[in-house]
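All remarks here apply to the structure that follows.
The values are calculated or read from the model by the stated rules, or taken from the named source; none is laboratory data. Note that the structure is a prediction, hence the values are computed from the model and not measured. So basically every Cβ, Gly included, is an ideal-geometry build from the backbone, and we count neighbours across all protein chains shown. Only protein heavy atoms, including side chains, enter the accessible area calculation; ligands, DNA and RNA are left aside. Shrake-Rupley method; radii C 1.70, N 1.55, O 1.52, S 1.80 Å.
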Amino acid sequence: MIILFVLVVFLLLIIPHELGHFIVAKLSGMRVEKFSIGFGPKLFGIKRGQTEYIFSAFPIGGYVKIAGMEPRDRYAKDGFYSKPLGARFAVLFSGSAMNFLVSIILFSLIFMIGFQSLDLEAPVVGEVIKDSPAQEAGIKPGDRIININGRLIEKWQQMAEIIGKSEKEKLHLVIQRGKETFEVEIEPKYYPEYKRKLIGISPSTKFVRYDPLTSLILGIDRVIFATVLIFRTLGGMIIGEVPAQFSGPVGIVQYVGQAGRLGMIPYISLTALLGINLGLFNLFPIPALDGGRLLFLIIEAIRKKPVEVELQEFVHYIGFLILITLMLLVTYQDILRLMR
């Protein structure tokens, strides 16, 4: 099952990405010679028109071979460099765009399927922390807090603010349990990890589901939120506020297996997040990636003439060696973490 989970994730990450390059290249009139799922030796394939569609031995990536992108083939008819700058830019950007689109669809699917979410509307206790002030006072899951120090409580957030900002040593709570109502006194406890006073309760959960249009809007919002969060995390790594942590194929396999065992929603959510990460990673100005090639196109637009082919290929070659080295290091760290 883990192998199946991993295979589906890789296909959802790889095929849309390469399909984005393929579709835009075709629409731009470029000659696509090969569409490959996987790297390495060819396992099997079929040729349709000018394009050969193949499956290769190692399904951890893929590529689209467009005529004219090799140095010796730069001036090929209907090749990559025979088309306008805007068309070339669109071809390179389209792979990541497809990753973002798939992530939006996956997040939207989660909102349409529905899931359990914290109910921050009703002030109903979902869980009581062991040895907390709430447990000592006899509060149980399902209890509804209707009054604190004479103030009527209508929402969970309202209750949380009163408790967090309380200056009195003890709070007077009115609790509803079923048809019964009783009163308790609780002294909030300061929790350093949360930097606030708490009584040791968490909200209840409710099942939420949205219509397709609302789900699509929420899916777009979730992709934007995750993208911003990734950039903030990277910024934190650069300045040293967040420890640098990366995962390669081995780590991804581990996380996918764990998400698959937790259920469909965590599995779909992780796949969507991986899609966002892949889309962003490919847009970074790193040689040998789409972002590195986009950088050369930007330089071309500024200079009004393309960067020499030999220089581009040399930079991409060095970048490829660096990427392979980093991949090996990250894989080594993943294996060490698994062994621990």
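Figures for the structure shown
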item: Within straight-line cross-link reach of residue 65, lysines at Cα separation under 29 Å, skipping those fewer than 8 residues along the same chain; result: 26, 34, 42, 47, 77, 83, 304, 305
item: Area of residue 264 that stays accessible when all protein chains are in place (1.4 Å probe, Å², to 10); result: 120 Å²
item: Within straight-line cross-link reach of residue 206, lysines at Cα separation under 17 Å, skipping those fewer than 8 residues along the same chain; result: 155
item: Neighbour cut-off at most 14 other Cβ (10 Å), DSSP loop, trypsin sites (Lys or Arg not before Pro), region 202-307; result: 209, 304
item: Neighbour cut-off at most 13 other Cβ (10 Å), DSSP loop, trypsin sites (Lys or Arg not before Pro), region 1-105; result: 77
item: For the chain, Kirkwood radius (reciprocal of mean inverse C-alpha pair distance, Å); result: 24.1 Å
item: Pairwise centroid distance, computed over Cα atoms, of region 207-231 with region 250-271, Å; result: 19 Å
item: Å³ per residue enclosed by the Cα convex hull of region 106-210; result: 122 Å³
item: Residue with peak Gaussian network fluctuation, the chain [Cα springs, cutoff 10 Å], from 278, 323, 109; result: 323
item: Top of 157, 258, 312 by mean-square fluctuation, Gaussian network on the chain, Cα under 10 Å; result: 157
item: Along the chain, longest interval not containing exposed chymotrypsin sites (Phe, Trp or Tyr not before Pro), exposed being DSSP loop plus at most 10 other Cβ atoms within 10 Å; result: 195-340
item: Solvent exposure of the chain as accessible area per residue, Å², 1.4 Å probe; result: 59 Å²
item: Solvent-accessible area, 1.4 Å probe, carbon plus sulfur percent, for the chain; result: 64 percent
item: Sparse-neighbourhood loop sites, GluC sites (Glu not before Pro) in region 268-310 - DSSP loop, at most 11 other Cβ within 10 angstrom; result: 308
item: Residue-averaged [θ]222 nm for the chain, counting only DSSP H segments that reach four residues, each worth -39500 (n - 2.57); result: -17500 deg cm²/dmol
item: Sequence-distant residues sharing a close amide H with residue 30 (under 5 Å, placed H); result: none
item: Most mobile of 229, 85, 198 in a GNM of the chain (Cα contacts under 10 Å); result: 198
item: Sequence-distant lysines (8 or more away, or on other chains) whose Cα lies within less than 20 Å of residue 189; result: 130, 140, 165, 168, 170, 197
